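Presented below is the structure to which this report refers.
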Amino acid sequence: MSKLEFFNLLIHNDLKDASILILANKKDLPTAKNAAQLTELFSLHEIKNHDWHIQSCCALTGEGLEEGLDWLTTKLNMKHKVSQN
């Protein structure tokens, strides 16, 4: 996905309150980009209206997946509690 496609998704009305979890797969490879490199590559620092998180992971071992999903679950629970009040 290109940066332009990514930002076009974020402005879509259906995603206006979405939390963004980026699963940075392939952390087991020496060519894998780290969180700072991905932040720069996709200009994530420009995202002001969404919570976002980069979680490095390895799909082969499952490492990092639980942590990323825990972050997303926490954000969704927080939004759910706010909407109930």
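The values are calculated or read from the model by the stated rules, or taken from the named source; none is laboratory data. A quick note: this is a predicted structure, and the numbers were derived from the prediction, not measured. Quick reminder, even Gly has a Cβ in these numbers, built from the backbone with ideal geometry, and neighbours come from all protein chains shown. Areas reflect the complete protein model, heavy atoms only, side chains present, ligands, DNA and RNA absent. Shrake-Rupley method; radii C 1.70, N 1.55, O 1.52, S 1.80 Å.
Is it the case that the stretch 67-79 has a residue that's surrounded by 15 or more Cβ atoms within 10 Å (Cβ to Cβ) and over 10 Å from Ser19 (Cβ atoms)? Yes; the residues of the stretch 67-79 include at least one that is surrounded by 15 or more Cβ atoms within 10 Å (Cβ to Cβ) and over 10 Å from Ser19 (Cβ atoms). Only a single item in (1) in contact (Cβ under 8 Å) with a residue 12 or more places away in the chain; (2) hydroxyl-bearing (Ser, Thr, Tyr); (3) assigned to a loop (DSSP other than H, G, I, E, B) is not met by Thr31, and it is number (1). Pairs please, first residue from the stretch 70-82 and in a helix (DSSP H, G or I), second anywhere and open to solvent by 100 Å² or more (accessible area, probe 1.4 Å) and not aliphatic (A, V, I, L, M), Cβ atoms under 7 Å, 6+ apart in sequence or on different chains. These pairs meet every condition: Lys79/Asp17. Please go through the stretch 34-52 and pick out each residue that is at pLDDT 90 or above and buried (at least 16 other Cβ atoms within 10 Å of the Cβ). Result: Thr39, Leu44, Asp51, Trp52.
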